[in-house]
Amino acid sequence: LADALRAINKQSLNLAAQQLFLSLALAQPGPDSSLTGASEEQAAALLRQWLVRRLPAAVQPQTAVIDSGSGLSRTQRLSAAQLAALLQWAWTQPWVEELLSSLPLNGVDGTLRRSAATPARAHLKTGSLDDVAALAGVVLGADGRRWLLVGLVQHAKAPAARPALDALVGCVAGPEPI
């Protein structure tokens, strides 16, 4: 699973992400154990239940709209607060280092290899649709502390916000430590 997630996250393999999402429905007992029997609705319901059990009520996890594993959806919705709460929860898990290593490292690999922010200081997942630019993950500050970062831009000119998102990462990372 760690290898599959690393490939999915680093290269943004949307089809593989969708297949993993559908496999959630297969984890539940039922009459059909093939991927053809797994529906997006079943997987989405399981994922929403999972979010409600793990995220604080203050971020209203029940309002999350999930209908795709790839995120390539005009109806899917997670707020910045919900995404930040999910990252905070993940931070407390014993597998957090595996999660971080699956995320693109800015200026080094995956979808962030061309990032203009200080290289090798942030593990972030990017997201793009027409009118949407997003990133979320963990940034290493100059003081050695790790910071959670979530940036979501929804606007007709969202792709033009990429330099601003890079600047945000740079601001959080600060100058390189000596």
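If you bin every alpha carbon distance in the chain into 10 Å steps from zero, what whole percent lands in each bin?
10, 34, 38, 15, 3, 0
Quote the charge dipole size of the chain about the Cα centre in Debye, to the nearest 20; the model charges only the Cβ of Lys and Arg (+1) and of Asp and Glu (-1).
Numbers: 15 positive and 13 negative charges, 68 e Å.
Charge dipole of the chain: 320 debye, to the nearest 20.
For the stretch 85-138, with equal point scatterers placed on the C-alpha atoms only and solvent neglected, what are the log10 I(q)/I(0) values from the Debye formula at q = 0.17, 0.19 1/Å, to two decimals?
-0.55, -0.67
Output wanted: per-residue J couplings in Hz (rounded whole) for the stretch 11-22, from phi through Karplus 6.51 cos²θ - 1.76 cosθ + 1.60, θ = phi - 60°, x for Gly and Pro.
Each residue of the stretch 11-22 in turn: 9, 6, 7, 5, 5, 5, 4, 5, 5, 4, 4, 5 Hz.
Once every DSSP H run of n ≥ 4 in the chain is given -39500 (n - 2.57) and the sum is divided by its residues, what mean residue ellipticity at 222 nm do you get, rounded to the nearest 500 deg cm²/dmol? Don't skip to the answer; put the middle values down first.
Values: 6 runs with 69 residues, N = 178.
Value at 222 nm, helices only: -12000 deg cm²/dmol.
Starting from the Cα of HIS155, step 7 Å along the direction of its Cβ; do the same at ARG48; then give the gap between the two resulting points in nm.
3.1 nm
What is the set of long-range amide H partners of SER70 at a cut-off below 5 Å, with H atoms built 1.01 Å from backbone N?
GLN18
Please give the FRET efficiency for GLN76 paired with LEU13, using the beta carbon to beta carbon distance and R0 = 22 Å, rounded to the nearest 0.05. Intermediate values should be presented prior to the final figure.
On the way: r = 17 Å, r/R0 = 0.79.
Calculated value: 0.80.
Translational D (Stokes-Einstein, µm²/s) of the stretch 39-88 at 10 °C and 1.306 mPa s when Rh comes from the Kirkwood sum over C-alpha pairs?
Translational diffusion coefficient: 144 µm²/s.
Between TRP147 and GLU98, what length comes free when the chain is fully extended (0.36 nm per residue of separation minus the Cα-Cα distance, one decimal in nm)?
The TRP147-GLU98 span can extend by a further 15.9 nm.
Provide the per residue accessible area, probe 1.4 Å, for the stretch 9-110, rounded to a whole number of square angstrom.
56 Å²
With unit charges on the beta carbon (Lys/Arg positive, Asp/Glu negative), name the residue among ASN9, CYS171, TRP50 whose Cα is farthest towards the positive pole of the charge dipole of the chain.
The residue sitting farthest along the positive end of the dipole is CYS171.
Short version: ³J(HN,Hα) in whole Hz for each residue of the stretch 39-49, in order, from phi by Karplus 6.51 cos²θ - 1.76 cosθ + 1.60 (θ = phi - 60°), x for Gly and Pro, what are they?
Taking θ as phi minus 60°, the curve returns 10, 4, 5, 5, 4, 5, 5, 5, 5, 4, 4 Hz for the stretch 39-49.
Taking only Cα atoms and a 10 Å spring cutoff, compute GNM fluctuations for the chain and point out the largest among ALA17, ALA58, ALA81.
The residue with the greatest mean-square fluctuation here is ALA58.
At a probe radius of 1.4 Å, what is the per-residue accessible area of LEU86, in Å² to the nearest 10?
50 Å²
Explain nothing, just compute: Karplus ³J(HN,Hα) = 6.51 cos²θ - 1.76 cosθ + 1.60, θ = phi - 60°, for every residue of the stretch 146-157 in order, whole Hz, x for Gly and Pro.
9, 10, 7, 9, 9, x, 10, 10, 10, 6, 4, 10
The values are calculated or read from the model by the stated rules, or taken from the named source; none is laboratory data. Quantities reported herein were computed from a predicted structural model and do not represent experimental measurements. Here Cβ is always computed from backbone atoms with ideal geometry, including for glycine, and neighbour counts include all displayed protein chains. Heads up: the accessible areas ignore ligands, DNA and RNA and are worked out on the full protein's heavy atoms, side chains in. Shrake-Rupley method; radii C 1.70, N 1.55, O 1.52, S 1.80 Å.
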